[in-house]
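Derivation of every value follows stated rules applied to the coordinates shown; laboratory data play no part. Worth saying up front: this structure is predicted, and the values here are computed from it rather than measured. Because the Cβ atoms are built from the backbone with ideal geometry, glycine has one as well, and the counts that use them run over all protein chains shown.
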Amino acid sequence: MKKYQKKVSPQKYKVYLGYLEGIISIVANTLLFGLKYWVGMKTFSVAIIADSWHTLSDSLTSLVVILGFKLSAKPADKEHPYGHGQAEIVSSVIIGTLLAVVGVKFLADSIEKFILHQPAIFGNLAILIFVVSVILKEGMAQFSIQAGKKINSRSLIADGWHHRSDALVSLIILVGIFMGKYFWWIDSILGIMVSLVIFYTTFVILKESISILIGEEPTEEFKEEIRRIVAGNVPQNVKLHHLHLHKYGDNQELTFHIRLPAESRLDEAHKIAERLEKKIKEEKNIETTIHIEPLKVKK
């Protein structure tokens, strides 16, 4: 994978990792879904059946991830001058929405089973399947989250947390299997706990993704980095202010104001702005637009 990274552009490598994670996830989750659903039907367990559909939803969300990467990789065009990078964030919102639907469905099923006093009968096969599920899903979560951090991909990180929530749910059910022979209601309570885990995962994914879509304030660390670049390339104190960062996937647009002495020549002011824009592009890979204001001296 590292050899491939060296041969291609960062954008192509990002798409490659997105496709790789998505394909692995779809294949593994579809197989796990089939096994869990079969065991759930044999044991009449709403928790296991709920978890099987949660696992299948991972396959669907991974398909959304692949489509998101495909769209976000498209270059800028006349209709979309800032590229298609936001498609990846939109895919994260879709992932969170699908999770919420799954959570509501199985919360209702679990409450109904509890009201009807329906127990579940577990066996050794269920134990084996859920041990494998915990190990496999946590491995997939670590791969997806690490890959997402490496290429700064929100949708990969979201999909990783989706895998991890499935691993946690499988672990909860595994514990419940050992307790099932003592408490008739354990399956219903586990189903409710599965739903709550799904709701929490949904909240985390939607909160981060929607915050980006609405627009976020740049971090203080980022502001200090820009001030450092400006201070290192302009001899006087230009009083940088009105700093705004606009994100469109990998494409980022930065705008800010600087003040220069009112007697500065227009061509000199232009050269300063041009020098700063070039330096920020080199260091941060961000397109920058600088607004110049006259610095008025108090008399």
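Modelled spin-label separation between Asn124 and Lys279, with each label point placed 7 Å from Cα along the Cα-to-Cβ direction: 7.1 nm.
The alpha-carbon atoms of the range 220-295, seen along their principal axes, cover 40, 23, 19 angstrom, with the largest extent given first. Over the chain, Cα pairs under 8 Å with separation of 6+ residues give a relative contact order of 18 percent.
Estimated from helical segments only, the mean residue ellipticity of the chain at 222 nm is -25000 deg cm²/dmol, where each DSSP H run of four or more residues counts as -39500 (n - 2.57). Compared with the dominant Cα axis of the chain, that is its longest principal axis, helix 266-284 is turned about 30°.
The protection proxy used here, the mean number of other Cβ atoms lying within 10 Å of each residue, ranks peptides 43-52, 252-261, 14-23 as follows, highest first: 43-52, 14-23, 252-261.
Legend: residue pairs Lys14/Lys279; Lys12/Lys149; Lys74/Lys149; Lys14/Lys74; Lys150/Lys281, Cα-Cα distance threshold 19 Å; pairs beyond threshold, Lys14/Lys279; Lys74/Lys149; Lys150/Lys281. With Cα extents along the principal axes in Å as the read-out, I listed (i) 71, 53, 33; (ii) 86, 47, 32; (iii) 57, 45, 39; which label goes with the value calculated from this structure? So the calculated entry is the one marked (ii). What angle, in degrees between 0 and 90 and rounded to the nearest 10, separates the Cα long axis of helix 86-115 from the longest principal axis of the Cα atoms of the chain? The angle comes out at about 30 degrees.
Ordering of 284-290, 57-63 by packing is 57-63, 284-290, highest average first (other Cβ atoms within 10 Å, averaged per residue). Relative contact order (percent) for the range 123-218, with alpha-carbon contacts under 8 angstrom and 6 or more residues of separation? After rounding, I find 26 percent.
Label-to-label distance for His246 and Glu221 is 2.6 nm, based on points extended 7 Å past Cα in the beta-carbon direction. Among Ala273, Ala87, Ala28, the largest mean-square fluctuation in a Gaussian network model of the chain, built with springs joining Cα atoms closer than 10 Å, belongs to Ala273. Relative to the Cα centre, the charge distribution of the chain, modelled as +1 at Lys and Arg Cβ and -1 at Asp and Glu Cβ, gives a dipole magnitude of about 760 debye. When only alpha carbons are used to place a centre, the range 92-113 and the range 195-260 end up 33 Å from one another.
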